[in-house]
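Worksheet for the structure shown next.
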Amino acid sequence: VSPQCAAGPNITVTTAPPIVFALGNARINRTVPYTAAPVCSPSNTLACSISIINSTSAITAVTSQLLQLDPSSAIGLYQASVSCSESHSGSTYTASSPFDFFVVRNALLTVSSQRLAPSIPDCIPTRVTADMLETEFSGGVTAWMVGFTPSTSSDGDAIVRNVTLPWPASYAFTQQDIYDSLVSISPALLTSVATSRPMSVPFSARDPTGNLVYGTVAATINYAFCPMPTSSQTSITSYNGVPVVLTTDALPLREPHGLSVWNVAWRLPFVAAGILEYYCSDPECAGNPWLPVPTYFGSTFLQGWVIMNALRWNPNGYTGPSFIINFSTVESYPPGTPAVIALNVSVVTNNPNPPLQTLTPPPYSKCVPITLGATSATGSASLPFGPFVVSSPIRPMCAAAYISAAPVAVGDVLLSSILDGRVYISGHVKLGSVVLPQGFVPLAFTGRNSSVGTIQSAVRITTEPSDLIFGFRSPQVDFPPDQHVRSRTDLSVLQYDPTTGAIAHISASAWTQAIEPARNASLWTLSVTLPGSGIYIFGYLDNAANRRLPAAFGTWIEYQADWGTKTLLFDEGKLALEVRAASNARFALQQPSLLTQWSPDGYTIKYAVYITSTATADYSVRMTYTSKDISRNAVWGYLDESMASPIQGVWTFNTSSTTYNSSTGAGWTANITTTRLGMWAVAEKGLAISPARRAKPKFSVQLMLPLITCIVLWAL
């Protein structure tokens, strides 16, 4: 026996994909896909034949390559074999190769389901299930025999098999692939936050009998926040016992739209050896800024800590073998499986040339830069506060943005200004013992479940433009118990002076609601025009409990008709402006800059204000001035500038007397009720002034020009 010939001819039957023969209306020949080659000599002639193991008279081999199928053949699975032989040196060498084939009958192929889930996220593939896409078939056809060929939608959406088909085919996937969870919809990313669009992907499906059907898979694509690890396995190494800062190489996250991942919360993991530490620069941490992460932080930490280089692993004397720390996110974005990263930790001792490992976090007095574009307002980022925030010792959480005349969206913050400039915003402010007005409750912006925690809506803003319009969006507003913000009437923004502790009310200019598909929640948008840099507190205003609001000179107060009567307190309460109007209106008070104190004969001006309002009818104001600097002779006076000569206007004084505020000892109180806007003053009677001291009051150009501008814009 020749060793070369002993195994017999080489036979290869192509069974991927499995062989399927479809019956016809008459006897039909089907080719068995196999090849055979001699091994003894290339010139040898092979003698091949096909035998059917579970043979019936309806299926016969008519040649070495063809099977003849009668229409009466039974459908199902058959076993067969190909045998080939060759002769060499007087001997015959034979080999055989068994194979299976299926017989199916032509039957109706239909599409029973062709719709995905009502809405799917745009940032990750969504698994296609049989409830979403399925065909009905019969005649011995099975799921793996039905092949789908989808087209890519005009928006770039596609339905794909997660891995390559195990055999060459003209289709993309089979019905069995759908059953086996191997098919996904891969949507194209949306470009605008909180948007959605319809998706329509056409497809065709074919079975082995030649049936061909068409359909369209439909769904709604929603913009979704999708932070995800760029690697599920990372590693760090500590050399010679030096702590290792967990940088974004150790905990890498990215968001497909380019949104900031600052607010993604990680659960504090179990650490088998060593300790996790955070960087603390508060005065109480002086001399020892790296402290163990305590459990009272809510057992979570932010990706912002990682971005700031403010989290590290300290071996704390550990020199043992490597181990794994498993990190997982608190939430899933979108809902599903949390992001997981396995961090391999190893220790190397006695290394004479260890790499630099210690990274110093940025000082907390500075902003952590989040780039929106070097010279323009393009780009997008999430500020380190908003709907995905957890309790955190790291502060200030800060961002910088370059703004121009066009509004800028910075995550959940909207900024716009008439003038170009740069704005710095810190989302973590320690208010200390600030005394809030009665009925004022700071709003809290919270995560989507109670384990995430909350943060009060106090922000520090440093802005170059003086006319900054600030908007805050959040789908997660934690309202006070049993309260609901119905409109901007129920909102107040307080400006807080950390030096004096003074607070001043600033009215919200807009409060709107919309449904945000990206986060499946109500999206509230608050807009307010801020007078400049400072600390601002956003809060709920209980108008039943609060009839008095602190106010500041030079700031518009958006009076709401639903308020009824509201008293605005200026100058630490010395001046009270009680407002009543039938419709919404804006009020503002200025303290004029008098270049030369001017008083009419017989009076001395003690206090002056200039009232501006957009109210035109059915309104009144009552001004009450209380001070120890006036006496019972003090009266209110009005300067009628419409009757003014080139040198001076005409004063009209109220002759009513003052009363003494005995309850507080604050001094004498003078009040007046009027509908006249313009220049008002409290004057003392009984002192004659010579004409030489008369001069028309002058107003600060810097203070009044913005006010005049606002009046013109409102009128337009």
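So that you can scan it fast, the table gives a plain yes or no per residue for (1) among the charged types (D, E, K, R); (2) surrounded by fewer than 16 Cβ atoms within 10 Å (Cβ to Cβ):
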site	(1), (2)
Glu134	yes, no
Asn162	no, yes
Ala169	no, yes
Phe173	no, no
Asp177	yes, no
Asp180	yes, yes
Pro187	no, no
Ser192	no, yes
Ser200	no, yes
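Residues of region 7-37 being farther than 15 Å from Phe101 by Cβ and surrounded by 12 or more Cβ atoms within 10 Å (Cβ to Cβ), which ones? First the steps, then the outcome.
Step one: list which residues in region 7-37 are farther than 15 Å from Phe101 by Cβ, which gives 7-12, 24-27, 35-37.
Listed by number, the residues that qualify are Gly8, Pro9, Asn10, Ile11, Thr12, Gly24, Arg27, Ala36, Ala37.
Considering every residue within region 64-73, establish whether at least one is more than 30 Å from Ala158 (Cβ to Cβ), touching a residue at least 60 places away in the same chain (Cβ under 8 Å) and in a strand (DSSP E or B). I'd like the intermediate steps shown before the answer.
Initial filter on region 64-73 (more than 30 Å from Ala158 (Cβ to Cβ)): 64-73.
Okay, now just the ones that are also touching a residue at least 60 places away in the same chain (Cβ under 8 Å), so none.
Checked region 64-73: no residue is more than 30 Å from Ala158 (Cβ to Cβ), touching a residue at least 60 places away in the same chain (Cβ under 8 Å) and in a strand (DSSP E or B).
Looking at region 45-61 only, could you name the residues that are in a loop (DSSP other than H, G, I, E, B) and not hydrophobic (A, V, I, L, M, F, W, C)? Spell out how you get there, then give the answer.
Quick first cut of region 45-61, residues in a loop (DSSP other than H, G, I, E, B) only: 45-46, 53-58.
Passing the criteria: Thr45, Asn54, Ser55, Thr56, Ser57.
Does region 243-257 include one or more residues that are out of contact with any Gly (no Cβ under 6 Å at 6 or more places or on another chain), under 20 Å from Asp155 (Cβ atoms) and open to solvent by 40 Å² or more (accessible area, probe 1.4 Å)?
Within region 243-257, the subset out of contact with any Gly (no Cβ under 6 Å at 6 or more places or on another chain) is 243-257.
Next, from what is left, pick out any that are under 20 Å from Asp155 (Cβ atoms): 256-257.
Of the ones still in play, those that are also open to solvent by 40 Å² or more (accessible area, probe 1.4 Å) are 257.
Yes, region 243-257 contains a residue that is out of contact with any Gly (no Cβ under 6 Å at 6 or more places or on another chain), under 20 Å from Asp155 (Cβ atoms) and open to solvent by 40 Å² or more (accessible area, probe 1.4 Å).
List every residue pair whose Cβ atoms lie under 6 Å apart, where the two residues are 6 or more positions apart in sequence or sit on different chains, the first residue falls within region 153-169 and is within 14 Å of Val217 (Cβ to Cβ), and the second residue, located anywhere, is part of a loop (DSSP other than H, G, I, E, B) and open to solvent by 40 Å² or more (accessible area, probe 1.4 Å).
Ala158/Thr152
So which residues in region 75-103 are hydrophobic (A, V, I, L, M, F, W, C) and within 60 Å of the chain's Cα centre (by Cα)? Steps first, please.
Going through region 75-103, the residues hydrophobic (A, V, I, L, M, F, W, C) turn out to be 75, 77, 80, 82, 84, 95, 99, 101-103.
Answer for region 75-103, where residues must be hydrophobic (A, V, I, L, M, F, W, C) and within 60 Å of the chain's Cα centre (by Cα): Ile75, Leu77, Phe99, Phe101, Phe102, Val103.
Let's see how each residue does on (1) farther than 26 Å from Leu541 by Cβ; (2) modelled with pLDDT of 85 or more; (3) surrounded by fewer than 16 Cβ atoms within 10 Å (Cβ to Cβ):
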{"site": "Leu577", "(1), (2), (3)": "no, yes, no"}
{"site": "Ala581", "(1), (2), (3)": "no, yes, no"}
{"site": "Ser599", "(1), (2), (3)": "yes, no, no"}
{"site": "Ala615", "(1), (2), (3)": "no, no, no"}
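Does Tyr333 qualify as being at pLDDT 75 or above and assigned to a loop (DSSP other than H, G, I, E, B)?
No: the conditions fail for Tyr333.
Among the residues of region 533-550, what is the count of those that are open to solvent by 10 Å² or more (accessible area, probe 1.4 Å) and part of a loop (DSSP other than H, G, I, E, B)? So that I can check it myself, show each step before the final result.
Restricting attention to region 533-550, the residues satisfying the condition of being open to solvent by 10 Å² or more (accessible area, probe 1.4 Å) are 533-534, 540, 542-545, 547-548, 550.
Still in the list and also part of a loop (DSSP other than H, G, I, E, B): 533, 542-545, 547.
Counting residues in region 533-550 that are open to solvent by 10 Å² or more (accessible area, probe 1.4 Å) and part of a loop (DSSP other than H, G, I, E, B) gives 6.
Looking at (1) loosely packed, with under 13 Cβ neighbours inside 10 Å; (2) under 60 Å from the mean Cα position of the chain (by Cα); (3) under 30 Å from Ala107 (Cβ atoms), which is the only condition Val62 fails?
Every listed condition holds for Val62 apart from (2).
For Ser138, indicate whether it is modelled with pLDDT under 85 and out of contact with any helix residue (DSSP H, G or I) (no Cβ under 7 Å at 6 or more places or on another chain). Spell out the reasoning first.
Details: modelled with pLDDT under 85: yes; out of contact with any helix residue (DSSP H, G or I) (no Cβ under 7 Å at 6 or more places or on another chain): yes.
Yes: the conditions hold for Ser138.
Restricting attention to region 530-552, does a residue exist that is of a type in the set (D, E, K, R) and modelled with pLDDT of 85 or more? Don't jump to the end; show me each part of the working.
Of the residues in region 530-552, the ones of a type in the set (D, E, K, R) are 542, 547-548.
Of the ones still in play, those that are also modelled with pLDDT of 85 or more are none.
The answer is no; no qualifying residue exists.
So, in region 87-118, how many residues would count as being aliphatic (A, V, I, L, M) and open to solvent by 60 Å² or more (accessible area, probe 1.4 Å)?
Going residue by residue through region 87-118, those that are aliphatic (A, V, I, L, M) are 95, 103-104, 107-109, 111, 116-117.
This time we only want the ones that are open to solvent by 60 Å² or more (accessible area, probe 1.4 Å), so: 108.
Number satisfying all stated conditions: 1.
Yes or no, residue by residue, for (1) modelled with pLDDT under 80; (2) open to solvent by less than 10 Å² (accessible area, probe 1.4 Å); (3) within 23 Å of Gly678 (Cα to Cα); (4) out of contact with any Leu (no Cβ under 9 Å at 6 or more places or on another chain):
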residue: Phe470; (1), (2), (3), (4): yes, yes, no, no
residue: Arg488; (1), (2), (3), (4): yes, no, no, no
residue: Gln495; (1), (2), (3), (4): no, no, no, no
residue: Trp511; (1), (2), (3), (4): yes, no, no, no
residue: Ser522; (1), (2), (3), (4): yes, no, no, yes
residue: Thr525; (1), (2), (3), (4): yes, no, no, no
residue: Val528; (1), (2), (3), (4): no, yes, no, no
residue: Ile557; (1), (2), (3), (4): no, yes, yes, no
residue: Lys574; (1), (2), (3), (4): no, no, yes, yes
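Filter region 201-255 down to residues that are on the phi > 0 side of the Ramachandran plot and without any contact (Cβ under 8 Å) to a residue 24 or more places away in the chain, then give me how many there are.
Qualifying residue count for the region: 0.
Restricting the first residue to region 593-607 and requiring it to be under 14 Å from Val650 (Cα atoms) and of a type in the set (Gly, Ala, Ser), which pairs with a second residue that is crowded, with 17+ Cβ neighbours inside 10 Å and at pLDDT 70 or above meet a Cβ separation below 6 Å and a spacing of at least six or different chains?
As it stands, the answer is Ser599/Ile605, since those pairs meet every condition given.
Starting from residues that are touching a Ser or Thr at 6+ places or on another chain (Cβ under 7 Å) and open to solvent by 30 Å² or more (accessible area, probe 1.4 Å), keep the ones in region 65-81 and report whichever is nearest to Ser204 (Cα to Cα).
Here the residue is Ala74.
With Ser181, Ser204, Ser196 as the choices, which residue is hydroxyl-bearing (Ser, Thr, Tyr) and at pLDDT below 90? Let's see the steps before the verdict.
Details: Ser181 fails: at pLDDT below 90; Ser204 fails: at pLDDT below 90.
Every option except Ser196 fails the conditions.
Are any residues in region 74-97 over 27 Å from Cys5 (Cα atoms), in a strand (DSSP E or B) and of a type in the set (A, V, I, L, M, F, W, C), and if so, which ones?
Passing the criteria: only Leu77.
Go over the candidates Cys84, Cys123 one by one and state the one that is crowded, with 19+ Cβ neighbours inside 10 Å, in contact with a His (Cβ under 9 Å, 6 or more places away or on another chain) and not small (Gly, Ala, Ser). Walk me through how you get there before you give the answer.
Numbers: Cys84 fails: in contact with a His (Cβ under 9 Å, 6 or more places away or on another chain).
So the residue among Cys84, Cys123 that is crowded, with 19+ Cβ neighbours inside 10 Å, in contact with a His (Cβ under 9 Å, 6 or more places away or on another chain) and not small (Gly, Ala, Ser) is Cys123.
Can you name the condition, by its number, that Ile324 falls short on among (1) farther than 30 Å from Pro121 by Cα; (2) part of a helix (DSSP H, G or I); (3) of a type in the set (Val, Ile, Thr)?
(2)
The values are calculated or read from the model by the stated rules, or taken from the named source; none is laboratory data. No experiment lies behind these values; they were computed from the predicted model shown. Cβ sites come from the backbone with ideal geometry, for glycine too, and all protein chains shown count toward neighbours. Just the protein is used for accessible areas: all its heavy atoms, side chains included, with ligands, DNA and RNA removed. Shrake-Rupley method; radii C 1.70, N 1.55, O 1.52, S 1.80 Å.
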